Amino acid sequence: MKVSYDTKTDTLSMILKEGATIFESAEDKPGVILDYDEGGDLVSVEILDASRRVTEARKVDFQIAG
């Protein structure tokens, strides 16, 4: 998984399956774009205007529950 934040476009991107071809995109809620592959699996999530939608767009914490 890859997470990136573009300060110029204020877009937060989470790529769940690198190298996958996007077959379909849907704007689930205004400013939240979900991308799917041909099999219907979620490939990536984009959040537009991220600085006003998430707590800290420039900070990512990763935890593995176990």
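Data table
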item: Members of segment 14-54 that are in a strand (DSSP E or B), polar (S, T, N, Q) and under 18 Å from M1 (Cα atoms); result: S44
item: Test: residue in segment 55-62 that is surrounded by 10 or more Cβ atoms within 10 Å (Cβ to Cβ) and either outside any loop (DSSP other than H, G, I, E, B) or at pLDDT 95 or above (or both); result: no
item: Residue in segment 26-42 that is of a type outside the set (S, T, N, Q) and touching a residue at least 24 places away in the same chain (Cβ under 8 Å) present; result: yes
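The values are calculated or read from the model by the stated rules, or taken from the named source; none is laboratory data. What you see is a predicted model; the values in this text were computed from it and never measured. Methodologically, a virtual Cβ is constructed for each residue, glycine included, from the backbone with ideal geometry; neighbour enumeration extends over all protein chains shown.
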